[in-house]
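The values are calculated or read from the model by the stated rules, or taken from the named source; none is laboratory data. What you see is a predicted model, and the numbers here were worked out from it, not measured in a lab. For neighbour counting, all protein chains shown are included, and Cβ atoms are generated from backbone atoms with ideal geometry for every residue, glycine included. These accessible areas exclude ligands, DNA and RNA; they are computed on the full protein's heavy atoms, side chains included. Shrake-Rupley method; radii C 1.70, N 1.55, O 1.52, S 1.80 Å.
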Amino acid sequence: MKKVCLLIGLLSLLLTGCDLITGGGNAGGGGEEPDAPSFSFTVAQTAKFPNLPALQSFILGQSGSKWLIFGGRTNGFHGFGDASTFPFKKANKFIYAYDTQTQQLDSLSLKSLPKQVREQFESSNMLGTQVNGMLYVAGGYGEINAGTPDSAFITHPVLTRLNVDNAIAAIEAQDAARLGSELVFIEDEFFRSTGGELFMLEDGRFYLALGHNFEGIYNPSGEGFTQIYLDTVRTFYLKEDENTIALDKNSILYLSDNKPPAQSQFHRRDLLVTPHIEAGGQAVGLSIFGGVFTPDKGRPYRNPIYIMGGVTPSFTVDKDFTQRSNIYSAANVRLYSAKEDKMYTTVLGGMGDTTVAYNDDFTRLVTTLIRDNQGGKTTALYNKQPLPSYLGSEAIFIPSGGVTMFRDNYGVIDFDALPEGKILLGYMYGGILSEGPKWSKDNPTVPTNAVYEVSITK
């Protein structure tokens, strides 16, 4: 067994002899995780996947060895120095199919798609989830009517469904008409969100988790736009057939603490929403970690919210745990141990560092958030080895085909099935690359097309 050290107070990367540093339950650090697992992560760039587009805040669907990629932006962090920080010329205006075995990249312009879908797919921070072979995409922030006097920046009120296999085949065949025929979409104010996440749980319900409705051009002055947080997790069923999709409005339920924004734990966006395995390993729920900003002092949220599905969906807020790092949306690895009945959610970088009061810096920390289903306790473990650069923000993790999955549909890896020693878990692709912890005109940041191997050593 490798040594595990206890973190007391602020994180110190100068400690030696530890693969993991245990972080706490309370603001000052907290207690040591009982029976802390002995494992460490290694993240290293690989040249296996050349030719990928450099994107951040995008959507990725998967079919076997092939990836479907669209949305997001071709510039880095939006920054705070310009009147328009989401220029339309930097929107991703293509949809890609990438074969990870042959490294072949095919693309199609979005210009021939129906206007509502084209403009949605050109937006950033859409909410997307794949259910078997179908990809569902809601919301997103971007420009409509670009290049005309009627142009405006909106959050899209659109939900779109597409068959991943068929979309990839259409792109590879350069058949724009066929791609368009694969799209089924509806417009409804219910889906107007950006900076949240979308999942379907095993109860068959969709869960549209948090985010906000941002209208107007984002700018540092705080003027000229409106911003309304959803303050809820919206759950619903869809009525679907091969050619149509509709919101079952009789099925809608809202999960919230129903408190005013200044006190609500649901007033969040740009957060981490990940599937977790419930106690006993029989059911899947959702974990909500981090997110911003508290209305009173503009700080991040630090208490997790755990969503349980079922006939009557419910939630709990874990006020005994204070998240100190990796606050914003970032690539994440999900592992579950049935033997220990523990969920391990490992966040790869992003924004939010233990050394910063407001957690608004990029970080190289690799942090594992541990949910002990039996003990009812959440703790954090900090990997001793940081990321090679300031990576992970708005990136995506894709599990390797060589690992055993506990719940394949939810990207949850079977921790108990991993052998001792080092093994490849999967790949982190895309996102924002920064040369330092702070954005500035001298460090404008960029999107990356690099792929990183993510390995674990037990």
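Details
- The set of residues in the stretch 437-458 being open to solvent by less than 30 Å² (accessible area, probe 1.4 Å) and closer than 13 Å to residue 392 by Cα consists of 445, 447, 448, 450, 451, 452, 454.
- Residues of the stretch 258-300 that are of a type in the set (D, E, K, R) and within 30 Å of residue 431 (Cα to Cα): 268, 269, 270, 278, 296, 297, 299.
- Leading residue by the ranking (nearest to residue 142 (Cα to Cα)) among those in the stretch 64-82 that are at pLDDT 95 or above and in contact with a helix residue (DSSP H, G or I) (Cβ under 7 Å, 6 or more places away or on another chain): 71
- Residue match in the stretch 350-358 (condition: within 14 Å of residue 392 (Cβ to Cβ) and over 17 Å from the mean Cα position of the chain (by Cα)): yes
- The condition (being aromatic (Phe, Trp, Tyr), open to solvent by less than 10 Å² (accessible area, probe 1.4 Å) and either modelled with pLDDT under 95 or under 17 Å from residue 287 (Cβ atoms) (or both)) is satisfied by just one residue among 415, 397, 362, 406: 362.
- Taking the stretch 284-353 as the region of interest, the strands (runs of 3 or more DSSP E) fully inside it that hold 1 or more residues being surrounded by fewer than 24 Cβ atoms within 10 Å (Cβ to Cβ) and free of Cβ contacts under 8 Å to residues at least 12 places away in the same chain are 314-317.
- Unmet criterion (only one of (1) modelled with pLDDT under 95; (2) surrounded by fewer than 18 Cβ atoms within 10 Å (Cβ to Cβ)) for residue 423: (1)
- Selection within the stretch 100-119 - farther than 23 Å from residue 449 by Cβ and polar (S, T, N, Q): 112, 116
- Selection over the stretch 50-73 of residues that are part of a loop (DSSP other than H, G, I, E, B) and buried (at least 18 other Cβ atoms within 10 Å of the Cβ) gives a count of 7.
- Members of the stretch 365-385 that are over 22 Å from residue 319 (Cα atoms), open to solvent by less than 40 Å² (accessible area, probe 1.4 Å) and not β-branched (Val, Ile, Thr): 365, 383
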